[in-house]
1. Is it fair to say A:Val217 is over 24 Å from A:Glu87 (Cβ atoms), more than 14 Å from every other protein chain (Cβ to nearest Cβ) and open to solvent by less than 70 Å² (accessible area, probe 1.4 Å)?
2. Scan the stretch C:29-39 and give yes if some residue there is touching a helix residue (DSSP H, G or I) at 6+ places or on another chain (Cβ under 9 Å), open to solvent by 40 Å² or more (accessible area, probe 1.4 Å) and assigned to a helix (DSSP H, G or I), otherwise no.
3. Going by the conditions given, is B:Asp149 of a type outside the set (A, V, I, L, M, F, W, C), at pLDDT 90 or above and either surrounded by 22 or more Cβ atoms within 10 Å (Cβ to Cβ) or in a helix (DSSP H, G or I) (or both)?
4. Mind listing just one residue for me: the one in the stretch B:279-336 that is part of a helix (DSSP H, G or I), within 25 Å of B:Tyr264 (Cα to Cα) and among the hydroxyl-bearing types (Ser, Thr, Tyr) and, of those, most open to solvent (accessible area, probe 1.4 Å)?
5. Can you tell me which condition B:Ser41 does not meet? The list is (1) within 10 Å of another protein chain (Cβ to nearest Cβ); (2) farther than 30 Å from B:Pro288 by Cβ; (3) touching a helix residue (DSSP H, G or I) at 6+ places or on another chain (Cβ under 6 Å), and all the others hold.
6. For the stretch C:280-301: of the residues being open to solvent by 10 Å² or more (accessible area, probe 1.4 Å) and β-branched (Val, Ile, Thr), which is farthest from the other protein chains (Cβ to nearest Cβ)?
7. What number of residues within the stretch C:290-320 are touching a residue at least 60 places away in the same chain (Cβ under 8 Å), out of contact with any Gly (no Cβ under 9 Å at 6 or more places or on another chain) and farther than 26 Å from B:Ser55 by Cα?
8. For the stretch A:91-111, name all the residues that are assigned to a helix (DSSP H, G or I) and either small (Gly, Ala, Ser) or more than 8 Å from chain C (Cβ to nearest Cβ) (or both).
Amino acid sequence: MAVLIKTEGLEKIYNAGRPDEVRALREVSLEIDAGEVVVLKGPSGSGKSTLLSLLGCMTRPTSGRVTVAGRDVSRLPERFLTEVRRETFGFIFQQFNLLRQLSVLDNVLLPLYPLPCSLREMHRRAEALLDELGLSLRQHLKVRYLSGGEQQRVAVARALVNGPQIIIADEPTAHLDSGLAGELMEILGRLNGQGKTVVIATHDRFVYEHPLVGRIVPLHDGRLEADPP
Amino acid sequence: MILHPGILALLTGSVLTLILCLYAAGSGLYILRYWDRNSTSALQYRLEQRTVLISTLVRLALVFEIASGLLFIYTVDELHPLFVGAMCATGTLNANPVGWNALTTKIALFFGASLWLVLNRFDDRAEDYPLVRGKFLALPLVAWLIGLDLYYQVSFFTGLKPEVITSCCGALFSSGGSGLAADLAGLPPGPTMVAFYAGAGLLLLALGSAWCWPSGVLRVILAVLAAGFFPLALAAIISFISLYIYQLPTHHCPFDLFQNHYHYIGYPLYLCLFTTVLCGLMPGIFTPLRRFSSLREALARAERRWLVVALLALLGFLTLASLPILLGPLSLLESA
Amino acid sequence: MLRHLKILEFAVAATLRHKGRNLAILVVYSLVITILASVLFLTRGLKEEAQRVLAGAPELTVQRLIAGRHDLIPTSYGSILASVPGVGRVTPRFWGYYYDSLTSCNFTLLGLSAGGGDHLELLAGRLPTGSGECALGSGVATARRTEIGDDLVLIDSHNLGVSFEVTGIFAAEAALLTNDLLLLPETDLRVFFNFPEGSATDFEVQVFNPQEVATVAAKIKQRLPDTRPITRSEILRTYDSVFSWRSGILLTVFASALLAFCILAWDKATGISAEEKREIGILKAVGWDTADVLELKVWEGLILSLTALLLGLIFAWVHVYWFDSTLLAPVLKGWSVLFPRLVVTPHVDLYQLFVITFLTVTPYVASTVIPSWRAASADPDSMMRS
């Protein structure tokens, strides 16, 4: 399998040089193959979210290198980093991070505005996804009226609407019961079956012991606990 | 000073634009001071963010300056009844000749700001910011031009005294007068037409050559010809084009073309002229950017676009200028 | 281009979503524009009315000056004026001001020569033909509660009451010219004001060739150095200048209101709510870059500006053309106490709209662009860490 994401000696320091300086990641080197399902496991503060940010081109490392599909993204200007992010990645956030005053459909459309597709094409893609996820009857409802499980599916639809290769999920089951957590893992399994790479940050045992997960990468205090296989 | 609303609008807008551009220029110098392309620090990231603000501010300044150029012409035209002897914008400008400097500065600012924005766009499109140094060193020049424009406008408007007898385009743009405008109006139509169409022909040839061959020398020649075509076209407008449009052998005013009784022909005419000159200048001015490998592809694509636009604009300008000559009843050549 | 239109579409939806937040700005902004636009509409209307009205004025009016003050002019000057080449009809005029203590108003009394008054149209009743008759402007009639057939008593220069029978009242449409006018037979007026024999107030001079007016005026000045020839174009220029000056003064005063509004706009744009910060963070996280978000904010600002501009222009239109500039007219019209009801002709002037847009939209965009950029520079990473 081809290596899709690779990090070498990754470091991330927040507020460098200030009294509140935080070394979130130290010397992290990691490879993720295309089609893998990888879990970043660790307690709160271990650097999982920071590593996900770097893998997902949300931010740049303080030092080290990140390569995505063979392209070094470590020093890309924000504009190009954002381009890589919106073309390659889909994000599922811990708090879903949906715009509650918008409808289901409008939330799902958000990632498509900067992309070169017409409004009609945008709506076609979004409605197709909502249909697949069983939300087409709710598409015009404001998100704040949806249940937790439905909001989770909206978040998944939004993450998929730009046709990403890689799904990044940060503590996706944090606010879900076991039933909904199981549903989410099923969806992620289906996506993996379609060839998508999935990277999940979690400390939820249900997730990291799930049969879908191919590899666990343990993190502690910003470092990998053991060399990845 | 005449407290005319148009004057207040112009000066308010110019002051605001100057403040924003000074801020942009200052930010640019700050960016240059701490810029390190190889750094991944938070400071470097913030500096890159700041470049977005600077390009937005200069873009706004350019939009304002283009709009204010038109507002300036219309305002000086509105003011002409206050000056004895003035019949149009030309009369007002001549009531305090600093006005011509203000107009010239606005034209220079249009070209300067446009070129800066194109340079900035190239820099934005490259992953390695190859033009950061050059563009932020050039930015104070744009801010300076805006300051100069404001200075000339203030001098012009505060120096206008309504009771002053002025000469208007009839006297100013007449072959019997004196000064540059009179000299231009006094140019014999026949030789001026020949020079104008020869210049246009050379420019067309240069555009075609630049399209066919990627030579940098050809592009520089094109830029020189485009720059030279601008004063030639303005002289032609004053000398004979306006006459054919007005169908009056003594009416040389280059501003009445904007009026509704001449079907606002001035707008497309000058738009085509400015577009021709700008798009003709750019291939030559930006040829040195070829040495940056990250810009070559973008530059090649942009060049083809500029050449097409320059060609279309030039053809548009020639059509608008020539149709009245070919179809109107006035004939200057017989009487010349 | 497609991307810009899509972001514009999102901006329109976002503006509508944040109705409450934008309403306060919209109200204040519209009010500022209403005032500015009212000033400009009224000024333009006054200038045009003055031009229309003065179209009937003589090309040249010749007055006499002594020690720099206007004085009565000898009627013998009439033959000298008539001898200047290019001069047509020369008519002495007899008129003056009368302060009516009863109504605390200033009236203009004009002497009507026999067969004269052709240029004064719109009369109900008839012009005075004999001694003891007068015609009034509608403002005078209203102030003195007088109708046709009534007697109007004025106090002459000997402090004696003189009664005039009202034979006609000028209609309201002519109010700008005649509102404070009292037309008497010329002989009555000369007696009333005790005009010295052989003098008039000024001369009305006709010039055949309008291009020659300035030359004729110069010749008159040469031959009669103690006179002041005033051309019609000078009067028009002066009115133009005065109205522009007055509107400029008002605009300068209201510049402080505009400045205060811009400070409000800046403050609002700078202090964005937590909800808005979150919204921007989410946009950045799902793939919008700083330039996209900044463009969104600029569009939102433009939508607000243009909406306020439209509302302000509509309100100004209604204020000036339907309600006769109730709030502004007293400042712009002048010192005369007898205000005619000025009905300004509605007129769409693109130049004015351009000026109003410049005066109002530019400062707003300028004051919000930097705060918008700060908001747009939110770190998408913060969404992961929140």
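1. Judged against the criteria, A:Val217 is a match.
2. For the stretch C:29-39, residues touching a helix residue (DSSP H, G or I) at 6+ places or on another chain (Cβ under 9 Å), open to solvent by 40 Å² or more (accessible area, probe 1.4 Å) and assigned to a helix (DSSP H, G or I): present.
3. yes
4. B:Thr319
5. Tallying (1) within 10 Å of another protein chain (Cβ to nearest Cβ); (2) farther than 30 Å from B:Pro288 by Cβ; (3) touching a helix residue (DSSP H, G or I) at 6+ places or on another chain (Cβ under 6 Å), B:Ser41 fails exactly one: (3).
6. Looking at the filtered set, the residue picked out is C:Val298.
7. Residues meeting the conditions: 10.
8. A:Val104, A:Leu105, A:Asn107, A:Val108, A:Leu109
The values are calculated or read from the model by the stated rules, or taken from the named source; none is laboratory data. This one's a predicted model, so the numbers in the text were calculated from it and none came from an experiment. Using ideal geometry, Cβ is built from the backbone for each residue, glycine included, and neighbour counts are taken over all protein chains shown. The protein model used for the area step is the full one, side chains on, heavy atoms only, and it has no ligands, DNA or RNA in it. Shrake-Rupley method; radii C 1.70, N 1.55, O 1.52, S 1.80 Å.
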